[in-house]
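**Q** Have a look at this one before I ask anything.
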Amino acid sequence: MAKAIALGFILILVLVVSISQSRLVNGAPQVPCFFIFGDSLADNGNNNNLLSFANANYQPYGIDFPTGPTGRFCNGRTTVDILAQLLGFENPIPSFGATRGPDILKGLNYASGSAGIRAETGFQVGARISLDQQLQNHQVTVSRIASTLGNNQSALQYLNKCLYSVGMGSNDYINNYFLPQYYDTSRIYNPEQYATVLIDKYSCQIASLYKNGARKVALIGLGPIGCTPNAMSTFGTKGSACVNNMNSAVQLFNQKLLALVNQLNTNLTDAKFIYVNSFGMASGDPAAAGFKVVNVGCCQVNNLGQCAAGQTPCQNRSEYAFWDGFHPTEALNQITARRTYIEVDPSDTYPSDISHLVQLSLSSCM
């Protein structure tokens, strides 16, 4: 199995290089714009000016990013940064909070650390931009694009061609369901019921995105949150490799998200939705991917599980799967992004990967 995965990585690198060379010849990104909705796995600075403990615009965050700390919860690039590069964008997609003018035509990143599908999620760490609020911000962007292009119809035709990445739900467990001292959701719902409640709300939120022109949408499944260093140190593993009840809960969500993708593709035939199997990608042999340390983060953490300010992190960052108590290193993000773009295993994405999603002709998405 490890040899098969390793061979897959070699093949994917060859394919990515080939596509990159083709893209450079064509001289343009594979989609005109890329819009990103999410949490701290994708946040690139939207939380910087919020009154919140969930921010990362200080050292050692950004130690491997060209401009240093930016608000990314990583040592370097996030998965969506790397995806943007694979799609042919010269620069990472900018944050909503810091971008105006014609730059919005290339897409925006609305992601916010500690945010969730549910509005109350993450309140205990301070201000955050929930998915509902992110969608409201996108509505503002749609209006601005309509003004730039002349009318709403032109804006929608343009937005039909864009790629949309939506990765939400982790905080609805980490910063909600599994914090009974702050939230009552675990007393109201069992894990099956909670997953249903989340997916029902998520479905309405995705429908809102569709109404605003989204036709090529990647829905990112939840990863094994019970395997994060913070989860293992906080809850204990009881002899298992990870915190099993946390992983079991998010797998229920993922199963329902996969069913939602099928439902959306059946009901909205002028659009295409894909599911990204983050949990499955993270379940392989870490050693096969070159990781030697998977149970602790590279940086020293504070009581919130984030990097302690000003502390020197590990030097061998490419050997660590986690950067802090929750978030992956750029090295792991590289693997996730490439497998999202071009699947290594058939289970990585469903029903197609992003490289095929973006190739869909406009006529098939209108």
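The values are calculated or read from the model by the stated rules, or taken from the named source; none is laboratory data. Note that the structure is predicted; figures quoted are calculated from it, not measured. Ideal geometry is used to build each Cβ from the backbone, glycine not excepted, and the neighbour counts take in all protein chains shown. Ligands, DNA and RNA are excluded from the accessible area calculation, which covers all protein heavy atoms including side chains. Shrake-Rupley method; radii C 1.70, N 1.55, O 1.52, S 1.80 Å.
**Q** Add +1 for every Lys or Arg and -1 for every Asp or Glu among the other residues with Cβ under 13 Å from the Cβ of PRO286, and state the total. Don't skip to the answer; put the middle values down first.
**A** Values: positive: LYS292; negative: ASP285, GLU319.
My count for the surroundings of PRO286 gives -1.
**Q** Let me ask something else. Could you list log10 I(q)/I(0) for the range 213-339 at q = 0.15, 0.18 Å⁻¹, which the Debye formula gives when each Cα is one point scatterer?
**A** These q points yield log10 I(q)/I(0) values of -0.78, -1.00.
**Q** Moving on to the next point. Please give the per residue accessible area of the chain, computed with a probe of 1.4 Å over protein heavy atoms only, in Å².
**A** Working: 15510 Å² over 366 residues.
About 42 Å² of surface per residue is accessible.
**Q** Can you give the % of DSSP beta bridges in the chain that are antiparallel, to the nearest 5?
**A** Working: 5 of 22 bridges.
So the antiparallel bridges in the chain amount to around 25 percent.
**Q** For ALA54, what is the net charge nearby, where nearby means another residue's Cβ is under 14 Å from its Cβ and Lys, Arg count +1, Asp, Glu -1? Show your work: numbers first, answer last.
**A** Numbers: positive: ARG72, ARG128; negative: ASP39, ASP43, ASP324.
Combined, the nearby Lys, Arg, Asp and Glu give -1.
**Q** Take peptides 207-213, 167-173, 97-103 and line them up by average Cβ neighbours within 10 Å, highest first, as a rough protection proxy.
**A** Numbers: 207-213: 17.0, 167-173: 27.4, 97-103: 13.3.
Highest mean packing first, the order is 167-173, 207-213, 97-103.
**Q** Among 226-237, 67-78, how do they line up by average Cβ neighbours within 10 Å per residue, starting with the highest? Display every interim value, and only then the final one.
**A** Working: 226-237: 19.1, 67-78: 22.0.
Order by mean packing, descending: 67-78, 226-237.
**Q** Taking a ≥ b ≥ c as the square roots of the eigenvalues of the Cα gyration tensor of the range 224-299, is the shape rounded (a/c under 1.5), prolate (a/b larger than b/c) or oblate?
**A** Numbers: a/c = 3.35, a/b = 2.00, b/c = 1.68.
Prolate is the answer for the range 224-299, as a/c is 1.5 or above and a/b outweighs b/c.
**Q** Output ³J(HN,Hα) for the range 190-195: one whole-Hz value per residue in order, computed from phi by the Karplus curve 6.51 cos²θ - 1.76 cosθ + 1.60 with θ = phi - 60°, and x for Gly and Pro.
**A** Each residue of the range 190-195 in turn: 7, x, 5, 5, 5, 4 Hz.
**Q** Go through THR312, THR336, THR228 and say which Cα lies farthest out towards the positive end of the charge dipole of the range 214-366; charges sit on Cβ, +1 for Lys and Arg, -1 for Asp and Glu.
**A** About the Cα centre, the residue reaching furthest to the positive side is THR228.
**Q** Let me ask another. What does the charge count around GLN334 come to, taking other residues whose C-beta lies under 12 Å from its C-beta (Lys +1, Arg +1, Asp -1, Glu -1)?
**A** Details: positive: ARG77, ARG317, ARG338, ARG339; negative: ASP64, ASP81, GLU330.
Neighbourhood net charge equals +1.
**Q** From the residues PRO94, VAL125, SER208, which one has its Cα farthest along the dipole of the range 94-232 in the positive direction, the dipole being from +1 and -1 charges on Cβ of Lys/Arg and Asp/Glu about the Cα centre?
**A** Value: PRO94.
**Q** If I histogram all Cα-Cα distances within the range 101-148 using bins 5 Å wide from 0, what percent of pairs lands in each bin?
**A** Per 5 Å bin, starting at zero, the Cα-Cα P(r) for the range 101-148 comes out as 5, 21, 25, 17, 14, 10, 6, 1 percent.
**Q** Please sort 149-161, 249-261 by packing, taking for each peptide the average over its residues of neighbouring beta carbons within 10 angstrom, highest first. Write out the running numbers ahead of the final one.
**A** Details: 149-161: 15.5, 249-261: 19.5.
Going from most to least packed, we get 249-261, 149-161.
**Q** At a 1.4 Å probe radius, carbon and sulfur cover how many percent of the accessible area of the range 80-141? Walk me through the numbers before you get to the answer.
**A** Details: 1130 of 2190 Å².
Within the range 80-141, the accessible surface is 52 percent carbon and sulfur.
**Q** Percent of accessible area on the range 214-366 owned by carbon and sulfur, 1.4 Å probe? Could you put the intermediate results ahead of the total?
**A** Numbers: 3300 of 6370 Å².
Summing carbon and sulfur atoms, their accessible area is 52 percent of the total for the range 214-366.
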